[in-house]
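One structure is given below, encoded as structure tokens.
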Amino acid sequence: MARQVRYVFRTSEIPALNSEFMNSLAKHFHRTYEFWQWSRTDLVDKWMESLEAYNGIRRLPEIETMQYVSEGDRGEPDIFFGVERLSRQLSLAVMDKQEQWLTVVPRRMEDPTITNQVRSQQAWVHRKADTRRIFARHLKQMIVMGTSHVLLNWEPEFVLKRIGTGQSRRKLRSMLKAAGRPDGAQLVGQARIQELKFNGPRLQVLDNFDVLIDPEVDVTRTKVPGVCVQQYYRIEELEALEYDDGKKVFGNLKDLGTMRSDELYYQSLEGQAREQAKSMAQGVTVRSDYSDVMAKFVKVLVFNLPLVVWEGEQFVDYYFYVAIDENNNPRMIRVEENPSDAGHRLIVTDHYIDYWAPAAYGISGVDKVVGWWNTKNFIEAAKVNAIAASIWPAVVTAAGAFKDVPDWTPGAVNELAQLALSDNVIKAMPVPEKGIQIGTMTETYYEQKMNSSFESMGATQQQQQMADRETAASVNYRASSQGVLIEDQAEKFGNSLQTICQWTLDMSIQTALPQGKDADGDDVLGFSTVVGGNTQRAEIKIGQFKEPRDIEVLGLHGAINKAQGVSEKQKGMDSLGRLGQFLPNAPALANKLVRSYMNDLNIETSPEDWLTPQQLAAQNPEVQLMALQAALQNPQMLAQVMGISPEEMAGAPPQGAPPQNEKQGQPGSPQPPVAG
């Protein structure tokens, strides 16, 4: 049964931002925000515990005398290095160094050269946008906290450049002074012009504390759950932002409530957790003592839901911006339809470990090893305490045996009192002989357990080593299993990267502007590409680029499949060389196969590379002139080019024509009568 085409559009204007309708909708959204925030209170505590483990902040039990030996909150770095190793291996598995991960699906019967140009242009865009680094951060937050979000934003980057060179500015100032415009001459040295540096994606990994997901997704089973993003703007930014046509981006901004950064951090549970996370990772914090120089921010809640129905109005895929005024009342300051022409969602969410049923948040990999990490920290502290106790044991002394308070530092000399009857006035307390050995063995045990946990997630050691009682076959099996796990994870997380790359291509098509003209006079788009290990400038026609295409991100499978494809095509060319004489159109088949082979190897070719020598010669103006001269000297060749018979070329009547008067047309001969 054919599916009916459904059109979604609004039949009325969006109500004004300061209308009663928008005020009631803003209150509804703010109430929703409070519910979503409350629903994940316990999850925030888990996040903090995982972040503490990642940053090496330990929590030791309260045991008397332990603080004398093991002071400070710095613990073992096992989880930090495990996360870093796993995130690097995953990012390289998803985005290999040779950029074979990015594949452009060609249009039907499209020239492989055009497809390769589109791919090279997109690879250049992702290099400029630093996509690899952004995606590595995305993976890292997923491993630590279970969920991560990437904000997709297309933002042109401008630089302010001085007008002209120093010499040209001096000449211009001299000319203006001579023309009686000294004021203009003074401005020349200060004038700068805004120049577009890069027009492309600006990807940003959002802090998990700033993104809230609809907790009822397990009940509604919505594939695309609603999200709320907390953003912070200076009031000057909100007032200054404009569209290209000069229309203000935000409205209804009068008497908005503002907060300083210290208030932002300590106002809510998320704010406190965010400040603690920043302090742990960076050692940076804020204090209210400097409130006089702190910037003031407006907290803006950005809601995006697939469908919003409120008081009879329906909004499909809209973004709603809600702020709080000075009287603590929510108000709407912006309503925006999805800016993507292709309908892409601007927030890409992914989970490290998926729950088997629909869930708002994912499961952290670090959360499952925090218990072992805490135990290892305690064992390490106890071992240090045992070492100290064995070197400087606690002692008992006879009362009145020393004249003064004893000095317990190594090598100290203490004077005995005169009343001491013997030198046996001090005795060391007994210390467990095997405490240090047991502590070391236990610490190694938990270290191996944590390493094996990261290995079960796919992380591999720099060198595969055999543990005690482990065979070489077991080591090889572990290495093979870890490779399979990394490959599986790469394919899984490649889906979110594919979403990012497809949005990038569609936005590149949507915003592409000509950057010059080629030899044919067509508008072109310029970019840089890597050919044979060297970077060179390339271009593609705007008309060829602005065709809808699909992106495939293949990760490790891309490298494997590409190598396999190249091998198969090599075999095909070998077979064609042996059996080509039996094929009716072997040259055309060979041309097509070689083109595809060169495209797989990322070797740039031009249309002239596929022309025959005769076709190349025909396009040469000198050859064309020589051919024309030869034709003029050869009447039969010229007649063939003009499409007439040699007799007509020589002036003789063609075969089968009636005989004519030989004298006709000669001076003085009778002419045929001319009608009236």
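Which one is farthest from VAL144 (Cα to Cα), of the residues in the range 345-370 that are open to solvent by 30 Å² or more (accessible area, probe 1.4 Å) and in a loop (DSSP other than H, G, I, E, B)?
Per the criteria, the residue is ARG345.
Name the single residue that is farthest from ARG58 (Cα to Cα) among those in the range 371-386 being open to solvent by less than 40 Å² (accessible area, probe 1.4 Å) and among the aliphatic types (A, V, I, L, M).
ALA386
Scan the range 48-61 and report the pairs whose first residue is farther than 18 Å from THR147 by Cα and whose second residue is open to solvent by less than 30 Å² (accessible area, probe 1.4 Å) and of a type in the set (S, T, N, Q), with Cβ atoms within less than 6 Å and a gap of 6+ or a chain change.
What qualifies is ARG58/ASN377.
Does the range 221-253 hold any residues that are farther than 27 Å from MET294 by Cβ and in contact (Cβ under 8 Å) with a residue 60 or more places away in the chain, and which are they?
Scanning the range 221-253 gives ARG221, THR222, VAL224, PRO225, GLY226, VAL227.
Just for the range 159-179: of the residues that are surrounded by 13 or more Cβ atoms within 10 Å (Cβ to Cβ) and in contact with a Lys or Arg (Cβ under 8 Å, 6 or more places away or on another chain), which one is modelled with the highest pLDDT?
It comes out as ARG162.
Out of the residues in the range 309-323 that are touching a residue at least 60 places away in the same chain (Cβ under 8 Å) and of a type in the set (Val, Ile, Thr), state the one that is surrounded by the most Cβ atoms within 10 Å (Cβ to Cβ).
VAL322
For the range 82-124, which residues satisfy the criterion of being assigned to a helix (DSSP H, G or I), surrounded by fewer than 21 Cβ atoms within 10 Å (Cβ to Cβ) and among the β-branched types (Val, Ile, Thr)?
Passing the criteria: THR113, ILE114, THR115.
Evaluate the following for TYR290: is it hydroxyl-bearing (Ser, Thr, Tyr) and at pLDDT 80 or above? Before you say what the answer is, go through the steps one by one.
On the way: hydroxyl-bearing (Ser, Thr, Tyr): yes; at pLDDT 80 or above: no.
In short, no.
The values are calculated or read from the model by the stated rules, or taken from the named source; none is laboratory data. Not measured: the values here are computed from a predicted model. A quick note on method: Cβ atoms are made from the backbone with ideal geometry, for glycine too, and the neighbour counts reach across all protein chains shown. Ligands, DNA and RNA are stripped out before the accessible areas are found, and what is left, the full protein with its side chains, is counted by its heavy atoms. Shrake-Rupley method; radii C 1.70, N 1.55, O 1.52, S 1.80 Å.
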